[in-house]
1. Name the residue, out of A559, A544, that is of a type in the set (A, V, I, L, M) and out of contact with any Phe, Trp or Tyr (no Cβ under 8 Å at 6 or more places or on another chain).
2. For the stretch 88-189, which fully contained helices (runs of 4 or more DSSP H) count at least 1 residues that are modelled with pLDDT of 80 or more and within 28 Å of A557 (Cα to Cα)?
3. What number goes with the only condition from (1) of a type outside the set (D, E); (2) part of a helix (DSSP H, G or I); (3) within 19 Å of G153 (Cα to Cα) that L592 does not pass?
4. Return yes or no: is K351 free of Cβ contacts under 8 Å to residues at least 60 places away in the same chain and of a type in the set (D, E, K, R)?
5. Is it fair to say T537 is hydroxyl-bearing (S, T, Y), surrounded by fewer than 24 Cβ atoms within 10 Å (Cβ to Cβ) and in a helix (DSSP H, G or I)?
6. Can you pull out the residues in the stretch 549-569 that are crowded, with 24+ Cβ neighbours inside 10 Å and either over 22 Å from the mean Cα position of the chain (by Cα) or assigned to a helix (DSSP H, G or I) (or both)?
7. For T413, all conditions in the list (1) touching a residue at least 60 places away in the same chain (Cβ under 8 Å); (2) under 30 Å from M115 (Cα atoms); (3) out of contact with any Ser or Thr (no Cβ under 9 Å at 6 or more places or on another chain) hold save one; what is the number of the exception?
8. Take the conditions in a helix (DSSP H, G or I) and either touching a residue at least 24 places away in the same chain (Cβ under 8 Å) or farther than 19 Å from N61 by Cα (or both) and apply them to L437. Does it pass?
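The values are calculated or read from the model by the stated rules, or taken from the named source; none is laboratory data. Just so you know, these numbers come straight off a predicted model, no measurement behind them. Glycine also receives a Cβ, built like all others from the backbone with ideal geometry; neighbour counts cover every protein chain displayed.
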Amino acid sequence: MDTALALTTDMKIVLALVGLTMVLFVFQRVRADLVALVVLVMLGLTGLVAPEDVFNGFSSNATISVIATMILGMGLDRTGALNRLAGWLLRRSKGMEQRLLLLTAGIAGLNSSVMQNPSVMALYMPVAARLASRSGLRLAQMLLPICVAIVMGGTLTMVGSSPLILLNDLLTAANANLPSGAATLESLNMFAPLPIGLVLLASGLAYFHFRGHDQLRELEDGSEGNVTPARTQSYFASAYGIEGDVYELVVTAESPMVGMTFGEAEAIHDAPVLLALKSENESRLAPPADARIWVGSVIGAMGQRQQVADFAQNQFLRMSTRLRNFGDLFNPSRAGIAEAVVPPTSKFIGKSATELNLRKEYGVRLLAINRDKEVIRDNVRTMPLRAGDMLVLHSIWQDLAKTAKSLDFIIVTDYPKGEQRPHKFKVAMAIFAVTLLIALSSRVPTSVALMTGVAGMLVFGVLKMDEAYSAINWKTVFLMACLIPLGWAMDSSGAAAWVAGHTIERLPSGLPIWVLEIAVALLTAAFSMVISHVGATIVVVPLAINLALAVGGNPTAFALIVALSASNNFVTQSNPVMSMIIGPAGYKARELWKIGVPISLIYTAIVVTMVNLLF
């Protein structure tokens, strides 16, 4: 390579655009996606990218793959797959905090290998909250290990993170500008980074097992600002005394409850909260008070284990801690507890829950009333409602949403608005498995394989078309699609080759290639804190390829190091996964630097070592 390459006008414009992008990203005065759009327009106006190619970023394999993983993630979310996973994790951990933490983080890491990292984090936030509330751990102890595992697990495949999705497109684009005699850069198959990802994920889990867990404990105990937000279960337990788990009670022939109505059963002394009834093969949440209980009927009861066990013994009921009949009904993504205020205009004022037939007409069960700072739980079904009453309701979210439309209740609790389809769980998992097999075959592009899964979920009713549109984070898509041409311009204009050549001139001669690889990895990590992981990948990959060619290194290896290192940011909110957990967990900047910097150094060492072993 000619290290004395002259600096042309095109190079100056490209480098100026890169500098402008970095400055605007740092100061955040302008939205990142708007910055990307301005850069794209400038590339078109200056002729650095041909007019017919300016918008090709929107149709690139990378952009389509990102869209597909977002939709697939929502498909899994709609089936309640992650909530089932939370229950499994609790059972497998057997009450051991360390085991629960490692299991949760490990499974999250594996999930992130086939889904966008932010999507996985979004799915695991409620899972982590539920596990924390039931295990005694706090969110701050769980979220950072899960976040680290998700980022590291995203390196298991070429679709786990945006930088890796981008890499193949950048390698293909680089081929057009390789010097004569240089070997063509081949695209990497879906599982090319798998060994690297496995070592990274294992090292992240090991770090938190042997050192990070104690650091998080110290952080938890010593930080005044580290406050865990109120979670649904703990909030209702402290505010209303509504706590405990859900159990199934099977009515035996000896039970005095045989022939009773559901309302009569609720009135039994020391009865737990009765929420559901299965009778004659029909399962109902919030069944009407006149529903009859027969031999073989199954009752869903919520309360402390001992209270429910005593009730079962006194009433000759068989108690089961495993929800064989009500698993779908009590799935947190489908049903739960919420608060609602009775507005002055409500037609429910002056009427009781019994008169309104809340359960039969609306499918909601009134558990308690907060009136004038007094919590009322006894005889709430017969108590006339007043304006300003805060009602505690249990229902299926869909039924709650229908009730909220009438404006007779104003729902104040956040709850899943989308329709949940737990009955589609097996279908969704089958489609997902087929998608992975198609991608693994390498006979079609990864983007086509992922879109095959999207089409399957839409055809078989796991998702509706409008839901698929809403699953797409258009800001992320727009940012990526607009910046991709900047990477092309860096390469085609010769700016990347010029920077690489002048960098080599200023380095000591005979420098080992692995030292340059470490420098490239650290430079990429630093860039990712400034211009996001997508921007860092697009800018540094062309530079790294030209640097490798100049020193006789492997261009693919250098490019892979960049794509992997672009996600190596565990200290700032420029990492989209980190930005999701800092607020809820209450982490402070100095605490993140204390824990995150060692992890980043370990990450860099493993990436460079493993890439050299593989390439």
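1. Checking each option against the conditions leaves just A559.
2. Passing ranges, in order: 97-111, 139-153, 162-175.
3. (3)
4. yes
5. no
6. F558, A559, L560, I561, V562, A563, L564, S565
7. Of (1) touching a residue at least 60 places away in the same chain (Cβ under 8 Å); (2) under 30 Å from M115 (Cα atoms); (3) out of contact with any Ser or Thr (no Cβ under 9 Å at 6 or more places or on another chain), only one is false for T413: (3).
8. No.
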